[in-house]
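One structure below.
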Amino acid sequence: MKRTPLKALVCVLCATLTFASGLILTGCSKPDPEKIIRADLILGFDQIINPDDEAIDELAKEYGDTGLEELGIEPSEFIASVADGFDYSIESIEVDGDTATANVTIYSKSLSELSDLNYDEMYEDFIRALESGEVTFDEKSFKAWAGPYIMDAIDRIEPSEKSLEIIYVNGDDGWELDAESNDALTQLFI
């Protein structure tokens with residue numbers, strides 16, 4: 001399956017969140033599971049809220065050529081735009097034996113809104129740009145025009161509210177996200 005530029009870089013953001021999961025959950029002797037899970041969620045989500053330039057650049061390099069560069073879009077610029085406006089609220093954490101459920105409200109952009117991009121309007125805007133001489137009718141000129149157009153569309157996406165039920169399980173390696181919760185977090189921006 002071919003990875004599209006948008007999907008590849010959205011995975012970068014999600015990888016940041018899931019990478020943080022488990023870093024502080026192991027090696028603990030009988031600490032309060034609720035505190036461990038809360039700290040893990042805060043660590044992961046805060047990395048999205050306050051990514052430093054170095055982390056964004058490193059994540060962008062990690063995913064290599066995604067095709068965004070062909071449109072004049074820097075991967076770090078894309079990541080920062082997608083993460084803009086992200087916020088969260090941990091509503092509750094309930095522990096029942098070796099399973100814990102965290103109810104979290106997330107505010108994030110959804111790149112699925114790009115599918116709502118009015119391509120007729122985009123085409124008309126491109127034709128106006130052609131008529132004004134802003135661009136020429138060749139692939140290179142179109143890509144140079146389309147990159148900023150797409151970034152503007154991403155910048156204009158308003159974060160929407162999502163409620164997530166995140167499940168942690170206590171295994172041999174400590175408290176970890178279950179597979180379904182990991183998938184839900186991976187799909188957060190899609």
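The values are calculated or read from the model by the stated rules, or taken from the named source; none is laboratory data. Here the structure is a predicted model, which means the values were calculated and not measured. Note: ideal-geometry Cβ built from the backbone for every residue, glycine included; neighbour counts use all protein chains shown. Areas reflect the complete protein model, heavy atoms only, side chains present, ligands, DNA and RNA absent. Shrake-Rupley method; radii C 1.70, N 1.55, O 1.52, S 1.80 Å.
Could you say which residue among Ile127, Ile106, Ile79, Ile90 is touching a Leu at 6+ places or on another chain (Cβ under 7 Å) and open to solvent by 20 Å² or more (accessible area, probe 1.4 Å)?
Ile90
Would you check which residues across the range 31-76 are under 21 Å from Ser112 (Cβ atoms), in contact (Cβ under 8 Å) with a residue 60 or more places away in the chain and open to solvent by 30 Å² or more (accessible area, probe 1.4 Å) and list them?
Leu71
Residue-wise test of (1) assigned to a helix (DSSP H, G or I); (2) under 27 Å from Pro31 (Cβ atoms); (3) of a type outside the set (S, T, N, Q).
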{"site": "Asp120", "(1), (2), (3)": "yes, no, yes"}
{"site": "Tyr123", "(1), (2), (3)": "yes, no, yes"}
{"site": "Thr136", "(1), (2), (3)": "no, no, no"}
{"site": "Lys143", "(1), (2), (3)": "yes, no, yes"}
{"site": "Met151", "(1), (2), (3)": "yes, no, yes"}
{"site": "Ile154", "(1), (2), (3)": "yes, no, yes"}
{"site": "Ala184", "(1), (2), (3)": "yes, yes, yes"}
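For the range 156-182, enumerate the residues that are assigned to a helix (DSSP H, G or I) and out of contact with any Ser or Thr (no Cβ under 8 Å at 6 or more places or on another chain).
Selection gives Arg156, Ala179, Glu180, Ser181.
Please tell me if Tyr107 is of a type in the set (Ser, Thr, Tyr) and part of a helix (DSSP H, G or I).
No; evaluated as a whole, the condition is false for this residue.
Of all residues in the range 109-124, which are open to solvent by less than 30 Å² (accessible area, probe 1.4 Å) and either basic (Lys, Arg) or over 19 Å from the mean Cα position of the chain (by Cα) (or both)?
Scanning the range 109-124 gives Lys109, Met122.
I need the full set of residues from the range 65-90 which are assigned to a strand (DSSP E or B) and hydrophobic (A, V, I, L, M, F, W, C), in order please.
Ile90 - this is the single residue of the range 65-90 that is assigned to a strand (DSSP E or B) and hydrophobic (A, V, I, L, M, F, W, C).
Working only within the range 143-190, note down all residues that are open to solvent by 30 Å² or more (accessible area, probe 1.4 Å), small (Gly, Ala, Ser) and under 29 Å from Ala39 (Cα atoms).
Ser160, Ser163, Gly171, Ala179, Ala184
Let me spell it out: the conditions are (1) open to solvent by less than 70 Å² (accessible area, probe 1.4 Å); (2) touching a residue at least 40 places away in the same chain (Cβ under 8 Å), and Val135 meets all of them except one. Which number is the exception?
The single condition Val135 does not satisfy is (2).
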